[in-house]
Each structure stands twice: as structure tokens, then as C-alpha cells.
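Computed from the coordinates by the stated procedures, all read-outs in this text should not be read as laboratory data. Quick caveat, the model's predicted, so the values are computed rather than measured. As a convention, Cβ positions derive from the backbone with ideal geometry for all residues, glycine included, and neighbour counts pool all protein chains shown.
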Amino acid sequence: MKNNTLSKAVKFWDRAASSYDREEKKDEEKYQETINQLAQYLKTEYLVLDFGCGTGLIANEIAPLVQQIDAIDFSQKMVDLAKTKAQKQQITNVQYKQATIFNDYLKPASYDVILCFHVLHLLESAEQVVSRMHKLLKPEGLIVSVTPCMAEKPFMNGLFSVLYKLGLTPKINPLKLQDLKKLFTEGSFKIIDHHLLPKTSNEYFTVSKKQHIYSGQLKK
């Protein structure tokens, strides 16, 4: 993401931080279903990276299910709110930090699961990010993502394009389901689950497993 674009995005999410939880939890059924489905892929010994953690809605909820969570977001205000909530709930195994996924402190082959919720459609180079996540995961590690495929809803896509020009929303890259699947399969992942979240028309819950490449051949 170019510096100017990144700066605009940070400013937008800093402004949105105070109302983020309220907006995200408007549809309580969808939110709870996301947690329930995610929990199936977690184990108590797992180390998790929450990429684009926002105000910690997901990380704080699943903290009792795993050993450790590194939660990152490029919005300092989002991170500050997440830290405050974790302290109030006496959660000690989530470490919040303002960072991007390319920060050097994130070490290769460190994580069992990377969470990527409502992030991929906001990236200028999702391919580079998926490649980075592949490096950060342990062998057969998982990316669990939720991604709205805006290209499947042309009217909504057009509306968000106008809102972006007015500075009211971040820039959204329109994806179709086939684009989302291709992003993972061409990034050396095997998709093991993908389906629409309940009461949505274009938000896909996707689980992708890291594959290994030896001598140019993909290991199944």
C-alpha cells in the first residue's frame, strides 16, 4: 500500500474506531456465527495472528480457546481501544500492537492460524499479503478469513465507490468469489472450507491451509 493511500486509510479507521464495535455487532447472529465457526479450527496450544484486529472484538472473544494471540492493526486508536477492553476483561494472552503484516517482528513459521476478517477487499496488493501470511504460518497452518465480495453486488459496489470519492468509506477492491478462491490457490494454499455467512449475500467465510512447494511441485 502506497504511503499516501496508507495514510488516508489510517485516518479513516482512526475516525471510525469509536463506533466500530456498534457497527460490527448490529447483526449479532452473523457475529456469533463467525465466532462459532472459527472456534472449530482453534486448539488450546495454538499461536494465532489476528491481522486487522480492529478493536479486538474477535481476539478477546477467542482468547480462552488458544495459547497466545498477536493482534495487529495499523490504526493506533483501534489498538488502544482493544487494549483497554482486554485489560477490563483481564485477558492476558492477547498482545495488541500497531503494525502491518510486513513488520519484521513477525517471524516466519510462527503461527498456527492467521485471522483475516474484513481485510482482503481493502488491500491494494492482496497477493503480496497472502504470500506474507504463507511465510508466517507453520506447516499446514490456516488462514481463516471473512471477505465481502463486492463485485457480486454491482449496485453496492457502485455505491461504495461514490462514498469513497466523498471520503466516507475506505477504498474497496471489488472481488468475486472466484477471485477470492484464486487468491489463495495461487498463493500455495488449499481451500478446505468456504461458504456464505448467514443473512449475507456476499460475505464468505473461508479457511485455507498452507501447502508446501518442493522443486517447483506443490505438495498435496
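Rounded to 0.05, the FRET efficiency of the Tyr31 and Ala109 pair, given R0 = 41 Å and the Cβ-Cβ distance, is 0.85.
Taking amide H positions as modeled 1.01 Å from N, with prolines and chain starts lacking one, the residues under 5 Å from Phe74 and 5 or more places away or on another chain are Ala99. Near Tyr96, the amide H atoms lying under 5 Å from its own belong to Ala71; only residues 5 or more places off or on other chains count, and H is placed 1.01 Å from N.
Listed here are the pairs Lys138/Lys182; Lys107/Lys190; Lys30/Lys199; which of them are more than 19 Å apart at the Cα? Walk me through the intermediate numbers first.
On the way: Lys138/Lys182 21 Å; Lys107/Lys190 22 Å; Lys30/Lys199 7 Å.
Beyond 19 Å: Lys138/Lys182; Lys107/Lys190.
3J(HN,Hα) couplings calculated from phi for region 43-52 with the Karplus curve 6.51 cos²θ - 1.76 cosθ + 1.60 (θ = phi - 60°) are, in sequence order, 9, 5, 8, 6, 9, 10, 10, 9, 8, x Hz; Gly and Pro show x.
Applied to region 78-88, the Karplus parametrisation 6.51 cos²θ - 1.76 cosθ + 1.60 on θ = phi - 60° returns per-residue 3J(HN,Hα) values of 4, 4, 4, 5, 4, 4, 4, 5, 5, 5, 5 Hz, with x for Gly and Pro.
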